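In what follows, a single structure is set out as structure tokens and then discussed.
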Amino acid sequence: MKIALVTGGSGEIGTAISRRLARSGWRVLIHAHTQADRAGALVEEISSAGGSAQAVTFDVTDPAATSGALGALLQQGPIQGVVHNAGIHDDAPMAGMSAKQWHRVIDVSLHGFYNVLQPVLLPMIRTRWGRIVSVTSVAGILGNRGQANYAAAKAGLHGATRALALEVASRGITVNAVAPGVIATATTAAVFDAERIAQLVPMNRAGNPDEVAGLIAYLMSEDAGYVTGQVISINGGMT
């Protein structure tokens, strides 16, 4: 059974991804930082449904803690799938944005990508098979007012995705990014009402986490072996 790590696996989108990967036959390492209880509950749910999962807790912005946690997990076997879904918002207009806000958002999404991928890459390469998907955002493509930090972090992941895809393509490893638009979660519900969604989204609705998870499950599958270096939008026609 191949092992997949889902960072930010205890959030709403991460939960949908973890469930879908478990149903697809992966052993899922469900990562959390501050919501270890939710990760644990999800492990119990997946296990009760006949899947295989394990909760893992570390801070992706801490290189030593991340390397140590992953080193222990790699004792179980190579991690051949990574979904880098960890990310945060800390919005403000650029003129009023603090250095802490700028660095915090980039640390989780972009530096977290390096901290997580670097320890697992060589073991993955040795197996000559792997799947890496980053969950980014339409903001990394179009930009968004008040989110210069978030847009920069996600756009950086797009560049890292394309570069890493070139580095590992000959080893049977694919690297892609999925860029959601407005997805129905507790966070977006507080920001996007029906009128605002109708203005932004040609399909006149928010997406749902399962739709994002379905696309990621495909990219993590054998069927997607010739898809790499791509940034795939899932946004109801926004771009």
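The values are calculated or read from the model by the stated rules, or taken from the named source; none is laboratory data. None of these values were measured; they are calculated from a predicted model. Note: ideal-geometry Cβ built from the backbone for every residue, glycine included; neighbour counts use all protein chains shown.
In the condition set (1) under 23 Å from residue 226 (Cα atoms); (2) assigned to a loop (DSSP other than H, G, I, E, B), residue 120 is compliant with all but (2). Look at the range 191-215 and say how many of its residues are part of a loop (DSSP other than H, G, I, E, B) and among the polar types (S, T, N, Q). Total satisfying the criteria: 2.
Hey, could you check the range 89-122 for residues that are among the β-branched types (Val, Ile, Thr) and touching a residue at least 60 places away in the same chain (Cβ under 8 Å) and say which is nearest to residue 152 (Cα to Cα)? Ranking the qualifying residues of the range 89-122, first place goes to 116. Condition check for residue 64 on (1) over 20 Å from residue 40 (Cα atoms); (2) among the small types (Gly, Ala, Ser); (3) within 15 Å of the chain's Cα centre (by Cα): one failure, at (3). Among the residues making up the range 123-154, those that are without any contact (Cβ under 8 Å) to a residue 60 or more places away in the chain, buried (at least 19 other Cβ atoms within 10 Å of the Cβ), part of a helix (DSSP H, G or I) and hydrophobic (A, V, I, L, M, F, W, C) are 124, 139, 148, 151. Within the option set 7, 15, 66, being of a type in the set (Val, Ile, Thr), buried (at least 20 other Cβ atoms within 10 Å of the Cβ) and in contact with an Asp or Glu (Cβ under 8 Å, 6 or more places away or on another chain) holds for one residue only, 66. At least 3 residues being farther than 19 Å from residue 134 by Cβ and touching a helix residue (DSSP H, G or I) at 6+ places or on another chain (Cβ under 8 Å) is the threshold, and among the strands (runs of 3 or more DSSP E) wholly inside the range 1-105 those reaching it are 52-57. For the range 211-227, a residue qualifies if it is out of contact with any helix residue (DSSP H, G or I) (no Cβ under 8 Å at 6 or more places or on another chain) and either free of Cβ contacts under 8 Å to residues at least 40 places away in the same chain or over 21 Å from residue 1 (Cβ atoms) (or both), and the qualifying residues are 211, 215, 222, 223, 226. Screening residue 170 against (1) touching a strand residue (DSSP E or B) at 6+ places or on another chain (Cβ under 9 Å); (2) within 30 Å of residue 225 (Cα to Cα) leaves a single unmet condition, (1).
What number of residues in the range 155-179 are part of a helix (DSSP H, G or I) and either farther than 19 Å from residue 120 by Cβ or of a type in the set (Asp, Glu) (or both)?
Adding up the residues that qualify gives 6.
Listed conditions (1) modelled with pLDDT of 95 or more; (2) assigned to a helix (DSSP H, G or I) are all met by residue 188, apart from (1).
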